[in-house]
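Here the structure is laid out as structure tokens; the discussion comes afterwards.
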Amino acid sequence: MFALLKLNKPIHWLLTIVLSQWLISTASAYSFGHLDSIKVHGFASQGYFLSSENNIYGESSKHRGALGLTETGINVSYKPLHNLRLAAQGIYRHAGNVNEDAQLDYALLDWTFLSHNDLRIGVRLGRVKTPFGLYNETRDVAFTRPSITLPSIYFERSRDLLLSSDGLQFYADKGTPIGNLSFQLNAGQLGEELDELQDAVLGQGALGKLENELGYLAKLAYESTSGATRLAFSFDNFDMKYEPGSGDFLDDGNINFQQFLLSAQQHIGPVTFTGEYLRQENIFENFGPFYPKTAPVSESYYIQADYRFNQQFKGYSRYDVLYLNKDDKQPDVLPSGVSPHMTFNKSYMVGLQWTPASQWMLQAEYHRHNGASSLSFADNPNPAAIKQHWSVFALQVSYRF
Amino acid sequence: MERNFWLLLIILILIPIRSQAVGIITHPNTNIDSLTLNQARSIFSMRTQKWPNGELIKVFVLPETDPLHKQFTKKVLQIFPYKLRRIWDRNIYSGTGDAPTIVDNEGEMVNAISTHPGSIGYANRGNNNVRIIETQ
């Protein structure tokens, strides 16, 4: 359950060193009375889902729906020097039958080695959150999401590829008269919970295990000085190797994903428009005669409009599309156990957000789906039971400090 | 009659000036006379972290629901308060930045600014204990 500190890889030794440095610094901060430079924050949200068919985060299609998504975390940040930060966050997440565990979300040492005239350059070591699009870095914190559930481009099945990387991040920020430019480059070991992804690409009957190699992720972003305009370009490269099981019909193949993401957001008075477009190039090869080489291109995009009525109320609406193979939208051949409806999604969503106080938020949403790409195998083990058209009503209450 | 007319005119002229009732305040040692709009935005977004003399900037704000905070963000920084809040949230929940220190009321704000070297915040212009920094 606790995948915190497995010391079987060099990167985990690095994490342990970073964490222990952090603990030592915190202890000395306490003894030297520097407690006011230690900051603690946290969050907790609980989601309720009721779906007409199919299961999302637990048995949402049963009579009374399901309290299927719990997300909570606590973080600490300490700056022993003006250009050095130590930060760590632990999270607990229960998402239906997909996962229920606590883990270290990030644990890093942030060293800004150049800080001069609006230019900052530095490096972060340890477990670092992945910069990808407008929302990935804080995807588990309800207050920083655009809605209860994330748009399709933040594919749940690829969650462990995108959550964080154990290694290093190089970053550079430059303030200009028209806005702030920022660049981040992560290189490191990615998460290991690839079951959902494996089921989707190799079929539920695959006997072996998919494993990650080093991942590379980069993001270039612009934000105007008022924050009214945000633009970003993100790129990442993932390589995975398949370790066949005994008697496996698949060879030790490899998979490569490359993601290209364009993001834009514009505030005009009380209205905010947000759009992101993802192109994902996939290569599956060397799996042997039962799985010939294939290189499909996936595509996903969304457009969302938010209308802020006043300080407390905001309404929002989104149209979201995903095609696992943009050139073959109704594939005949699929991995075993994968329903044809799972290869695409077109959905409309409308929601209302209420923030009665800055620490509390309540959201209610209605989603209408044509397609089941967002469904998990863990919550929907029988592909024949998956329906193409379905709708979801979701409620979420969130707290932060 | 004419004196009343002039008094009324003066009052009417003063009202628009008085409506920007909130201004930036800093610790006396910061030696800042004015800030540009971009500089102010960058400081309160926690992007600019040091004063020109190299001293660390310590940012104080009031709670999001406080009318003075709303006035400050909209009139002085010209950013929606919830937009600023999102920027701080992205910082603190990714471990890559900070959020300002929140104080409960204007009295605590003035107290904090006067006791923390390098600090910056905001207060009512009518408050006699502070020196207002102008923004352009």
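The values are calculated or read from the model by the stated rules, or taken from the named source; none is laboratory data. Here the structure is a predicted model, which is why all the values come from computation and not from measurement. We place every Cβ from the backbone using ideal geometry, glycine too, and count neighbours over all the protein chains shown.
For B:Arg131, state whether it is surrounded by fewer than 17 Cβ atoms within 10 Å (Cβ to Cβ) and within 7 Å of chain A (Cβ to nearest Cβ).
When the stated conditions are applied, B:Arg131 does not pass them.
Assuming A:Leu185 fulfils every condition listed in (1) more than 13 Å from chain B (Cβ to nearest Cβ); (2) at pLDDT below 95; (3) surrounded by fewer than 22 Cβ atoms within 10 Å (Cβ to Cβ) apart from one, which condition is it?
(2)
For every residue, the table says whether it meets (1) at pLDDT below 95; (2) within 12 Å of another protein chain (Cβ to nearest Cβ); (3) crowded, with 21+ Cβ neighbours inside 10 Å.
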| site | (1), (2), (3) |
| --- | --- |
| A:Leu50 | no, no, no |
| A:Tyr57 | yes, no, yes |
| A:Ala87 | no, yes, yes |
| A:Asp110 | no, yes, yes |
| A:Leu134 | no, yes, yes |
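Checking A:Ser246 against (1) among the polar types (S, T, N, Q); (2) within 14 Å of chain B (Cβ to nearest Cβ); (3) outside any strand (DSSP E or B): exactly one of these is not met. Which one?
(2)
I'd like the residue in the stretch A:188-235 that is of a type in the set (Ser, Thr, Tyr) and away from every other protein chain (no Cβ under 14 Å) and, out of all such residues, is farthest from the chain's Cα centre (by Cα).
Per the stated criteria, the residue is A:Tyr216.
Can you run down the residue pairs with Cβ atoms below 8 Å, 6 or more apart or on separate chains, where the first is in the stretch A:354-375 and charged (D, E, K, R) and the partner is surrounded by 15 or more Cβ atoms within 10 Å (Cβ to Cβ) and in a loop (DSSP other than H, G, I, E, B)?
A:Glu365/A:Ser147; A:Glu365/A:Ile148; A:Glu365/A:Thr149
Could you check the stretch A:318-401 for strands (runs of 3 or more DSSP E) lying wholly inside it with 2 or more residues that are charged (D, E, K, R)?
Because the criterion is at least 2 residues that are charged (D, E, K, R), the strands (runs of 3 or more DSSP E) in the stretch A:318-401 that meet it are A:360-370.
Just checking, does the stretch B:50-60 include any residue being modelled with pLDDT of 90 or more and facing chain A (nearest Cβ under 9 Å)?
Taking every residue of the stretch B:50-60 in turn, none turns out to be modelled with pLDDT of 90 or more and facing chain A (nearest Cβ under 9 Å).
Rundown of residues vs (1) modelled with pLDDT under 90; (2) closer than 25 Å to A:Asn99 by Cα; (3) among the charged types (D, E, K, R), yes/no style:
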position	(1), (2), (3)
A:Gln330	yes, no, no
A:Gly337	yes, yes, no
A:Gln359	no, no, no
A:Glu365	no, yes, yes
A:Lys387	no, yes, yes
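Exactly one condition in (1) within 13 Å of chain B (Cβ to nearest Cβ); (2) surrounded by 18 or more Cβ atoms within 10 Å (Cβ to Cβ) is not met by A:Val123; state its number.
Result: A:Val123 fails condition (2) only.
Quick one: which helices (runs of 4 or more DSSP H) sit completely within the stretch B:27-136 and have at least 2 residues that are touching a Phe, Trp or Tyr at 6+ places or on another chain (Cβ under 7 Å)?
Answer list for the stretch B:27-136: B:81-92, B:106-115.
Return the residue satisfying two criteria in turn: it lies in the stretch B:73-88 and is more than 8 Å from chain A (Cβ to nearest Cβ) and not hydrophobic (A, V, I, L, M, F, W, C), and of such residues it is surrounded by the most Cβ atoms within 10 Å (Cβ to Cβ).
Residue satisfying both the conditions and the ranking: B:Thr73.
Going by the structure shown, is B:Asn91 more than 7 Å from chain A (Cβ to nearest Cβ) and more than 30 Å from A:Arg124 (Cα to Cα)?
Here the answer is no, as B:Asn91 does not meet what is asked.
Residues in the stretch A:135-150: is at least one of a type in the set (A, V, I, L, M), in contact with a Gly (Cβ under 7 Å, 6 or more places away or on another chain) and either in a loop (DSSP other than H, G, I, E, B) or under 30 Å from A:Phe393 (Cβ atoms) (or both)?
Yes; the residues of the stretch A:135-150 include at least one that is of a type in the set (A, V, I, L, M), in contact with a Gly (Cβ under 7 Å, 6 or more places away or on another chain) and either in a loop (DSSP other than H, G, I, E, B) or under 30 Å from A:Phe393 (Cβ atoms) (or both).
So which of A:Tyr323, A:Tyr319 ends up being surrounded by 16 or more Cβ atoms within 10 Å (Cβ to Cβ) and under 20 Å from A:His367 (Cβ atoms)?
Sole residue among the options that is surrounded by 16 or more Cβ atoms within 10 Å (Cβ to Cβ) and under 20 Å from A:His367 (Cβ atoms): A:Tyr323.
Condition test on A:Asn180, is it farther than 13 Å from A:Lys241 by Cα, more than 18 Å from the chain's Cα centre (by Cα), of a type in the set (S, T, N, Q) and buried (at least 20 other Cβ atoms within 10 Å of the Cβ)?
So A:Asn180 passes the test.
Quick check on the stretch A:201-210. Is at least one of its residues farther than 28 Å from A:Val333 by Cβ and surrounded by fewer than 21 Cβ atoms within 10 Å (Cβ to Cβ)?
Within the stretch A:201-210, not a single residue is farther than 28 Å from A:Val333 by Cβ and surrounded by fewer than 21 Cβ atoms within 10 Å (Cβ to Cβ).
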